[in-house]
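Throughout, read-outs are computed from the coordinates displayed, never taken from laboratory work. What you see is a predicted model, and the numbers here were worked out from it, not measured in a lab. Glycine gets a Cβ as well: all are built from the backbone with ideal geometry, and neighbour counts include every protein chain shown.
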């Protein structure tokens, strides 16, 4: 009878351990699925934002204006000024080693699976929004300052060569007289 109890206790412990491991695997899978959806949505949004800035030469006021229609709540966009915006993506779990290709698998095996992320993800001022496949757990934000071309106004008389207000007018006076001859009005 005593050995039967030990046997049943062992079976029960093994069953409980199996149930705990199964729950852990399911939770990890759900977390990874959410992170993959966030990553794909962030890449899609980045492509649309970058295209918008290139085509319109301005920063969109919102993700919707840039053409991103259904961003998950794990993605946040803030227009900080006419020349700067912030883009954030929130992940449940870090992804420092994206195993997929043969060399990545070998690197993971030889380095013990501890790849260091080369993504500085926000430690630099960038002119282009780039979403890295490697990210840390939690919020990953980038502040982007795209190149926005803004021509100087042409009505500034100090930059007009033939304007007497130009500091170098004396150098160009003869040239200006040739291209703009004085008109004789009688």
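Highest-first packing order for the peptide set 36-48, 61-73, 77-89 is 36-48, 77-89, 61-73, based on the mean count of other beta carbon atoms within 10 Å. Taking other C-beta atoms within 10 Å as the exposure proxy, 132, 160 rank 160, 132 from fewest upward.
Taking each residue as 0.36 nm, the span from residue 147 to residue 160 lengthens on full extension beyond its C-alpha to C-alpha distance by 2.0 nm.
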